[in-house]
Amino acid sequence: MAGSWRWSAAALLLTAGVGASVAAVQTAVSARSDHPPPARLVRPSPLAGEEAPRSPGRALVVIDPGHGGSNTGARSVVDGVYEKHLTLLLARAVAERLEARGVDVRLTRELDEYVSLRERVLRANRLRADLFVSIHTNASDARSQRGFETWVLTPSAVDVDSRALRRDAAPAAHPGADADTALLLDDVERGLSQDGAASLAAAIQGELASRRGRDRDRGVRQASMDVLLGATMPAALVEVGFIDHPVEGPELLEPEVQAAIADAITAGIASRL
Ligand SMILES: [Zn+2]
């Protein structure tokens with residue numbers, strides 16, 4: 001969730017020897033975003049496949065590539081790369097892997113485009129997804145931290161912070177119900193999903209630890225995470241690494257590292273379906 005509250009505006013180091021990786025990242029992202037259909041210029045694109053009915057008997061997971069478009073997220077230590085690029089690549093990689101396991105997957109964005117936090121969750125609610133996972137890269141003020149962590153929304157944060165957002169979110173989750181009833185239903189569902197969210201986060205974090213090293217395990221954390229507010233299914237937000245760390249930042253551009261991260265997120269999700 002870097003960008004708004006962990007953004008560092010300090011000058012960033014350029015790292016030698018990763019030019020090819022940068023080009024690969026930018027090419028991979030721009031390959032599907034340079035020439036969007038005209039409709040995307042005037043209104044947000046629908047969630048990919050949103051209109052398609054979900055397959056009977058198959059689990060449905062919504063993967064949220066953090067940031068996008070004008071919302072770049074944190075800036076990489078590698079020039080020209082932003083969080084929004086990496087989150088999209090990782091989300092695509094996770095989607096591929098889950099689909100190979102027979103899971104239905106939708107991304108909240110398939111392009112380098114702006115999608116509001118609220119819309120991301122609303123899309124997952126409309127689809128009645130079984131799980132929602134938001135992917136981000138981290139950043140620290142001193143660019144000295146590294147490692148991965150997974151966040152869940154705490155009940156107290158729900159009580160204090162999310163009412164306003166949920167007044168909008170709830171009716172979409174409960175079509176036909178009036179606002180108060182919908183909110184109540186939302187409360188009930190959220191209570192049921194809390195355990196699921198904690199299990200989901202723990203599973204993802206554990207898989208990351210086994211693949212990326214326990215010395216980088218920053219644990220499962222709880223807080224008010226805006227992108228998770230209003231979700232009516234178990235939801236977690238994973239910060240896969242520090243994009244601005246002089247060592248870890250360039251590492252995150254390496255295909256084998258991205259594959260390991262995608263494998264970990266996939267395994268964590270699959271274990272909870
Ligand atoms: Zn972020």
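Derivation of every value follows stated rules applied to the coordinates shown; laboratory data play no part. Not measured: the values here are computed from a predicted model. No Cβ is skipped: glycine too gets one built from the backbone with ideal geometry, and neighbour counts run over all protein chains shown.
Once both labels are modelled 7 Å past Cα along the beta-carbon direction, what's the Gln194-Ser140 spacing in nm?
Reported label-point gap for Gln194 and Ser140 is 3.1 nm.
Which of the peptides 246-254, 72-80, 95-103 is most tightly packed, and how do the rest follow, judged by the mean count of other Cβ atoms within 10 Å per residue? Don't jump to the answer; show the numbers that get you there.
Values: 246-254: 19.6, 72-80: 21.4, 95-103: 16.0.
Per-residue mean Cβ counts within 10 Å order the peptides as 72-80, 246-254, 95-103.
Once R0 is set to 25 Å, what does the formula 1/(1 + (r/R0)^6) return for the Cβ-Cβ distance between Val247 and Ala223, expressed as a FRET efficiency to the nearest 0.05?
On the way: r = 26 Å, r/R0 = 1.06.
Calculated value: 0.40.
Simple spin-label model, 7 Å along Cα-to-Cβ: Glu119 to Ala100 in nm?
Placing both labels 7 Å beyond Cα along the Cβ direction yields 3.1 nm.
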